[in-house]
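Each remark here refers to the structure printed beneath this line.
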Amino acid sequence: MTSHDVAAHDLEPGAQLPTQTFRVTRADLVRYAGASGDFNPIHWNERIATRVGLPNVIAHGMVTMALAARVVTDWAGDPAAVEEYGVRFAGPVVVPDDDTGAEVTVTGVVKRRLDDGRLQVDLTARSDGEKVLGRARAIVRIPT
Amino acid sequence: MPIDPSYLGHSFASDTPYEVGREKIREFADAIGDPNPAYRDAEAAKALGHPDVIAPPTFPIVFTFAANLPLLAELGIELRNIVHGEQRFQYARPIRPGDRLACAVTVENVRPMAGDDFLTTRADISAADGEHVVSAWSTIIARPEPDAPEADSGEGR
């Protein structure tokens, strides 16, 4: 690997990945709907979202999952270092109809080194004080 | 309406492969706001040891979501009544432009919980030569249709 090297001390269990904070607006959700093909109206139509019992329009879970992945791929250098990635969507990211949208803050920590040398990275994501991802975990192979 | 448990183990496959486009990868990376050059610039990707640009880790949702839609339609589940419960990917290699990917979907779990239905599917994605590329597990939570008033689809209004 050439362009980016994770310092050796960043690979030990307990090492924190750089925290990132992202902003998600209604416009972002419309753009994501178009790019992903997921046109579920709960992600862009407040009337439908509230009718089915949601507090407001909510972000696609896959938007939150993609944002959380950034914390790992930016740290690892090569996005393909991520060999497994899974999350549980623990709570909605509620996106108001304004210009600032919602804020999502993602933290990550090297949880352990697996027997095969790969690293388990555990992630947390919060929005408006609430946990929005649970059991968020990536298995990463950092070339040495 | 609970999902018929006989769907457990049910498998189906798309008729035509999904062909990965360079511009689709860029569009998806733009949509998630990720400026990583490995998704856009072949030279940057080559510097990381890849033959061409690669797709972001969550890109497989583009075709696995589409592959799940016929099942949801068959089960009578409306999009507006589902939320995403869990998602997991296991990658054998990164996705690249020109990949022609076949997607085989299997229903792995169906369970009612507190009036909702949890449905877990596994999508196995392979390249034209049969090489396994990625597997994706999706759990959706189907909620009951609200009683009244009649909800419309929200499309085109």
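Nothing in this text is a laboratory measurement; each read-out follows from the coordinates by a stated rule. This structure is a prediction, so every number in the text was calculated from the model and none was measured. All Cβ positions, even for glycine, are placed from backbone atoms using ideal geometry, and neighbour counts span all protein chains on display.
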**OP:** Specify the angular offset, from 0 to 90 degrees and rounded to the nearest 10, of the alpha carbon long axis of helix A:61-76 from the longest principal axis of the alpha carbons in chain A.
**Re:** 20 degrees
Original post:
When the Karplus curve 6.51 cos²θ - 1.76 cosθ + 1.60 is applied with θ = phi - 60°, which whole-Hz ³J(HN,Hα) does each residue of the range B:75-84 get, with x for Gly and Pro?
Top reply: 7, x, 8, 7, 3, 4, 9, 10, 10, 7
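In peptide B:110-123, how many Cβ atoms from other protein chains are near each Cβ within 10 Å, on average? Don't jump to the answer; show the numbers that get you there.
Working: counts 0, 0, 0, 0, 0, 0, 0, 0, 0, 0, 0, 0, 0, 0.
Partner Cβ neighbours, averaged per residue: 0.
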Original post:
Excluding same-chain residues fewer than 8 positions from residue A:111, which lysines have a Cα within less than 20 Å of its Cα?
Top reply: A:131
**OP:** Order these peptides, A:115-125, A:77-87, B:118-128, B:53-63, by their mean beta-carbon neighbour count within 10 angstrom, highest first.
**Re:** B:53-63, A:77-87, B:118-128, A:115-125
Original post:
Once fully extended, how much extra length lies between residue A:109 and residue A:10, figured as 0.36 nm per residue of separation less the alpha-carbon to alpha-carbon distance?
Top reply: 34.7 nm
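Mean residue ellipticity at 222 nm from the helices of chain B, using -39,500 (n - 2.57) per DSSP H segment of n ≥ 4 over the full residue count, to the nearest 500 deg cm²/dmol?
Per the formula, -5500 deg cm²/dmol.
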**OP:** Just report the Cα centroid separation between the range A:47-62 and the range B:97-142, whole Å.
**Re:** 24 Å
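With r defined as the distance between the Cβ atoms of residue B:73 and residue A:56 and R0 fixed at 30 Å, what FRET efficiency is calculated, to the nearest 0.05?
Working: r = 27 Å, r/R0 = 0.90.
Efficiency at R0 = 30 Å is approximately 0.65.
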Original post:
Hey, quick one: spin label on residue B:23, modelled 7 Å out along Cα-Cβ, who in the range B:97-130 has an amide N within reach, i.e. under 16 Å?
Top reply: B:97-98
Original post:
So what are the ³J(HN,Hα) numbers for the range A:29-45, from phi and the Karplus equation (6.51, -1.76, 1.60; θ = phi - 60°), rounded to whole Hz, Gly and Pro as x?
Top reply: 5, 5, 5, 5, 4, x, 6, 8, x, 8, 9, 3, x, 5, 9, 8, 10
Original post:
Which whole-Hz couplings ³J(HN,Hα) result when phi for each residue of the range A:137-143 is put into the Karplus expression 6.51 cos²θ - 1.76 cosθ + 1.60, θ = phi - 60°, listed in order with x for Gly and Pro?
Top reply: 8, 10, 9, 10, 9, 9, x
Original post:
Using Cα atoms only, what is the angle between the long axis of helix B:22-31 and the major principal axis of chain B, expressed in degrees (0 to 90) to the nearest 10?
Top reply: 60 degrees
